[in-house]
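Derivation of every value follows stated rules applied to the coordinates shown; laboratory data play no part. Since this is a predicted model, take the numbers as computed values, not measurements. Virtual Cβ from ideal backbone geometry, glycine too; neighbours counted across all protein chains shown.
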Amino acid sequence: MQPAIQPGALLDRARADLGRPDVSPQQLRSALAQIVPATEDLMAQVAVLQGQLERARTCPVTGLPTRSAWTTQAQDVLEAGPAAVLLVDLDAFKPVNDRFGHAAGDAVLAAVGARLTEWAAAEGAAAGRLGGDEFAVAMPDTPGLAARVAQLHTRLTSPVAHRELTLTVGASIGTARTAGLTDRTLSAALKAADAEMYRVKGRGRRGRRLARIMPLRTPARLARVLALRKAA
């Protein structure tokens, strides 16, 4: 319930009372008795708003920061020194949704989010989900960058178990190093990483197979397969 008197007015009254040489303890207690509940109510409202803001800044599926939250973190990485910006786009993700439904797609996204979070924490990097199946990373540009990006690719493309399925998608990763850019802003780095990502995706399409989607072999199913092979 909204307080009858706004806290600002109550504070102004309390300041005025404190400045009066003839103010009585009773008057001060009366002012505090009104200020405290109004302040508590405002603090509760602030806590609710902070929770809503935090949820808005975190992707509920992947647990990664959303675009706006990631942008703030990425800016800090770029300001700290030479950095690299990665743009990650999952390959053949749409067939997972189309064939097995959004629950399967969400399982893939959740796995990608968890793997990216773990990798980024070890690398001192900031990772986020830009939207759809597109992710971004800002990280310090230190020796061995190419090998670390290759490690990330291996992690992201590892199979994901979902119910009785094994889902595997590809990942095209574009890398832009700020040291090689004339314009070293985050926007310019993302643009360069995006162009590189599409070059990588184009090279992969010439010889890349679609994501492997296969049922998991339960013990009973595996036993039948082995029995059939033995009989053959």
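Distances longer than 24 Å among the Cα atoms of the range 67-215: what percent of all pairs is that? Don't skip to the end; give the middle numbers.
Working: 3391 of 11026 pairs.
So the pairs more than 24 Å apart make up 31 percent of the total in the range 67-215.
Please give the contour-minus-distance gain from Ser158 to Asp76: 0.36 nm per residue of separation, less the Cα-Cα distance, rounded to one decimal in nm.
26.5 nm
Which FRET efficiency value, to the nearest 0.05, is calculated for Arg177 and Thr58 with the Förster distance at 22 angstrom and r the Cβ-Cβ distance?
It comes out at approximately 0.20.
Stretched out fully, how many nm does the piece from Arg29 to Ala122 gain, at 0.36 nm a residue minus the Cα gap?
Contour length minus Cα-Cα distance gives 28.1 nm.
Between Thr185 and Thr39, what FRET efficiency follows from the Cβ-Cβ distance if R0 is 35 Å, with the result rounded to 0.05?
So the FRET efficiency works out to roughly 0.25.
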